[in-house]
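The values are calculated or read from the model by the stated rules, or taken from the named source; none is laboratory data. What you see is a predicted model, and the numbers here were worked out from it, not measured in a lab. Here the Cβ positions follow ideal geometry from the backbone for every residue, glycine too, while neighbour counts run over all protein chains shown. Areas reflect the complete protein model, heavy atoms only, side chains present, ligands, DNA and RNA absent. Shrake-Rupley method; radii C 1.70, N 1.55, O 1.52, S 1.80 Å.
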Amino acid sequence: MSTARPPMGPAYPPAGPAHPPTAPAYPFQQSHESALPVLPTRYHGLWHSPRWRVWRPVVGALVGGVLWFAASTVAFVVAMVIDVASGRSTAEEYYPSLAGGGGFTPALFIANNVGLACSIPIVWLVARLHGQPIGFVHSVIGRFRWRWFGWCLAVLLPIWIVFTVADAFLEGGGLDGLAVNGDTVVLILGILLTTPLQCAGEEWFFRGGINRLVAGCFPQRTKTLGIVSALVGGAVSSFCFMLAHMAQDPWLNIGYFCFGAAACLLCYCTGGLEASTAMHIINNMTAMALMPFSDISHMMDRSEGTGSPWSLLQLAVIAIAAALICRRARARGLDVVSGPEPAPAPGPWPQAVMTGAWPSSDPASFPPPAAYPPPAPSPLQGVPPVPPTVDGAGAPQVEPPR
């Protein structure tokens, strides 16, 4: 018995009239706001990017100020608890003695350094409020340049050693009254372990934070605007740096303000915090070299009369050091501006924003689908099948070819 199969037809229906493929005209367009400046920008203006909004510096200043005050308060309370528990002072006399210029202790010194070191993560948080990676707090290339930082330390150290020795003898103190005491070991460890972090924290907070919060309020479209924003940001941050030291002596205030201005200049000319941090560390470490062998109870006395015109000598040293570092940065071609951020690569799900009305729900408004291509003809199309035969054993028998 043979059963004829119907001839094999095309696998798809015949193609209709061809239409040119038309992409659906959805009223969407891809949107991308860069977190970094789209034009080459100096360090102080990095936070003025396409994502900049007027509320960002306001919120950043409030968050940074509150957290900095909280860290300083906690550090002070911890130091007071340690000193009161150890019998160095009483709770009633602790603050009045500090306000009078005395009562400074090793515990307060270390706690103050740790509190200021907390400024580093605080500024990182403010940077995230601006949508930028924390690496761009360190420099315009998005990382801390350790080799450049080490070069600055090596160059500045001998300059400050000469200045410190000369200043000690010019003021008439010399090495009189130095001796090992019960706080020597604690102070040596505290200086070595916490003073570099304290210096870095102040640089991050005042030069990497306040300086850029203020300067970032100015657009960086032209060189003139960049210079104006650098001057305003540097002046405000240097003034805050001076106020934070709570000095009543005019010579000391001049010194603090000029030190902050020189640090801002280093950030502008080198493109990062490495040089200013190195100068700050060398300045503080050399100034504290003899502190473990002396009485530090009046170390924080900054009342009127504690400064003198001799502080202008330190300003001359700072100016020479800053000029040397800026010249070296130009000679080695250090990156001092940030390059524009590259455009994002298209992905399978690009983020889009709607710019018009939704497409119409009328099917007539949809573009016609693209036509399927006609199928290739089958080689068996139109050939009748050959029915098999069965032998006595029941196995299929296929006729031999003729």
Within segment 273-301, find all residues whose amide N lies under 11 Å from a label point positioned 7 Å from the Cα of residue 90 along Cα-to-beta-carbon. none
Separation between Cα centres of segment 42-75 and segment 294-319, rounded to whole Å: 30 Å
Shape call for segment 261-309, from the Cα gyration tensor axes a ≥ b ≥ c (a/c under 1.5 means rounded, otherwise prolate when a/b beats b/c, else oblate), comes out oblate
Listed peptides 106-117, 79-90, 176-187 by packing density, highest first (mean Cβ within 10 Å): 106-117, 79-90, 176-187
Quick one: accessible surface of residue 265, probe radius 1.4 Å, all protein chains present, in square angstrom to the nearest 10. 80 Å²
Convert each backbone phi in segment 219-226 into a coupling constant with the Karplus relation 6.51 cos²θ - 1.76 cosθ + 1.60 (shift: θ = phi - 60°), then list the ³J(HN,Hα) values in order as whole Hz, x for Gly and Pro. x, 10, 6, 10, 5, 5, 5, x
Rounded to one decimal in nm, the spacing of the 7 Å Cα→Cβ label points at residue 188 and residue 165 is 2.1 nm
Expressed in nm to one decimal, what extension gain is obtained for the pair residue 97 and residue 327 from 0.36 nm per residue of sequence separation less their Cα-Cα distance? 78.2 nm
Rounded, prolate or oblate: which fits segment 102-205 when a ≥ b ≥ c are the square roots of the eigenvalues of the alpha-carbon gyration tensor, with rounded for a/c under 1.5 and prolate only if a/b beats b/c? oblate
Highest mean packing first, using Cβ neighbours within 10 angstrom, the peptides 304-313, 243-252 sort as 243-252, 304-313
